[in-house]
Amino acid sequence: MAKSMMYLQKRTLERRIKMTNITQILFSYDFLVVAIGTVLLAIPSAIVGCFSVYKGQSLMADAVGHASYPGVVIAFMLFSVRSSVILTLGAAVVGILAYLTIQMIRKHSVIDFDAALAITLTGFFGLGMVLKSYLQGNSSYMRASQAGLKNYIFGSAAFIMKEDIIMIAICAIIAAVLLALFYKELVASIFDPQFASSIGISMPIVSGVLLLMMVMFIVVGLKCIGAILISSFLTMPCICANQHSRDLKWVLCIAACVAGISAFIGTFLSTAYSGIATGPMVILCMGIFTILSMIFGKYGLIAQRKLGKDAKSCQKYC
């Protein structure tokens with residue numbers, strides 16, 4: 001009896017310690033800064049990502065994400081500082097250059113779109129790695145700290161600062177304004193481009209708006225998620241939402257919710273367990289939600305199999 005009482009007291013104490021640790025994490029300054037940054041980045045990125053996926057540019061996000069890394073290194077080489085604003089602007093310039101390179105290859109050669117993406121992705125990303133190696137062995141850059149440059153490859157949300165959150169918030173506001181102004185044009189140009197052209201919608205302008213929003217969130221997300229995983233950050237919430245609805249507004253809402261919840265859970269787990277990177281953990285949470293939705297969603301595998309069985313039975317007895 002005494003042993004069982006001691007065991008119960010021990011278990012109760014362990015639970016209280018765990019609850020205290022969870023509370024301390026949730027209300028710690030470092031966690032709140034990182035969580036606000038990742039959630040604020042995840043929600044608008046998911047919404048913009050939905051338009052990119054429906055336009056057939058999900059692989060374009062992957063190419064631009066990888067190709068923007070040399071912009072980070074080049075900006076560091078020019079200014080010898082690790083300011084998030086300067087490095088992000090460098091990534092944006094090279095990201096747009098990569099997009100234009102892909103379009104030029106498609107327009108002036110017989111190379112297919114996927115081959116153009118592969119050439120640009122590997123070429124630009126390889127350039128970034130070469131420049132990074134050059135910096136490490138060059139005495140001219142020894143005085144400038146290079147420690148944070150590798151974070152832009154795999155992401156390190158733990159190093160998010162106030163200026164990063166301000167930059168993410170500015171991009172979110174710009175994206176919200178652009179979506180409010182061009183929502184109808186984006187929907188028309190993506191789902192019925194011939195109709196959009198017939199009513200006078202300028203396709204280059206709409207494509208430019210979508211490109212601007214996509215590049216914005218790719219480059220500001222490099223520090224948090226990394227060049228390798230940033231495309232999943234834009235595409236997976238849309239894929240997940242597609243398993244639950246076919247209405248665009250509902251898809252956007254579900255994608256935003258999935259992205260925000262995944263960002264919060266991933267940030268919490270990476271904070272609670274040392275040694276786990278925040279960016280990959282956020283992507284892992286998104287992947288779990290996506291897989292579960294693909295299986296159990298309204299339009300998931302189970303629902304499709306059931307629908308197929310019903311159709312076969314109807315053909316049999318009708």
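Summary table
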quantity	calculated
Residues being touching a residue at least 60 places away in the same chain (Cβ under 8 Å), surrounded by fewer than 24 Cβ atoms within 10 Å (Cβ to Cβ) and touching a Cys at 6+ places or on another chain (Cβ under 9 Å) - total across the stretch 236-255	3
Filter pass, PHE182 being among the aromatic types (Phe, Trp, Tyr) and under 15 Å from the mean Cα position of the chain (by Cα)	no
Boolean, SER68 is among the polar types (S, T, N, Q) and more than 16 Å from CYS224 (Cα to Cα)	no
Where a residue in the stretch 13-37 is farther than 28 Å from PHE233 by Cβ and its partner, wherever it lies, is at pLDDT 75 or above and hydrophobic (A, V, I, L, M, F, W, C), with Cβ under 8 Å and at least six apart	ASN21/ALA272
Neighbours by Cβ (under 7 Å, 6+ apart or cross-chain): first from the stretch 208-219, in contact (Cβ under 8 Å) with a residue 60 or more places away in the chain; second open to solvent by less than 20 Å² (accessible area, probe 1.4 Å) and among the aromatic types (Phe, Trp, Tyr)	LEU210/PHE51
Which numbered condition THR88 fails, given (1) closer than 29 Å to MET161 by Cα; (2) surrounded by fewer than 17 Cβ atoms within 10 Å (Cβ to Cβ)	(2)
Identity of the residue in the stretch 67-80, farther than 17 Å from LYS223 by Cα and in contact (Cβ under 8 Å) with a residue 24 or more places away in the chain, that ends up surrounded by the fewest Cβ atoms within 10 Å (Cβ to Cβ)	SER80
Among the candidates SER83, SER52, SER58, SER28, residue that is among the hydroxyl-bearing types (Ser, Thr, Tyr) and open to solvent by less than 10 Å² (accessible area, probe 1.4 Å)	SER52
Residue match in the stretch 267-286 (condition: touching a Pro at 6+ places or on another chain (Cβ under 6 Å) and either within 15 Å of LEU234 (Cβ to Cβ) or surrounded by 22 or more Cβ atoms within 10 Å (Cβ to Cβ) (or both))	no
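Residue-by-condition table, conditions (1) farther than 30 Å from PHE31 by Cβ; (2) touching a residue at least 60 places away in the same chain (Cβ under 8 Å); (3) aliphatic (A, V, I, L, M):
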position: TYR99; (1), (2), (3): yes, yes, no
position: TYR183; (1), (2), (3): yes, no, no
position: VAL187; (1), (2), (3): yes, yes, yes
position: SER202; (1), (2), (3): yes, no, no
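The values are calculated or read from the model by the stated rules, or taken from the named source; none is laboratory data. This one's a predicted model, so the numbers in the text were calculated from it and none came from an experiment. We place every Cβ from the backbone using ideal geometry, glycine too, and count neighbours over all the protein chains shown. Surface accessibility is based on the protein's heavy atoms, side chains included, excluding ligands, DNA and RNA. Shrake-Rupley method; radii C 1.70, N 1.55, O 1.52, S 1.80 Å.
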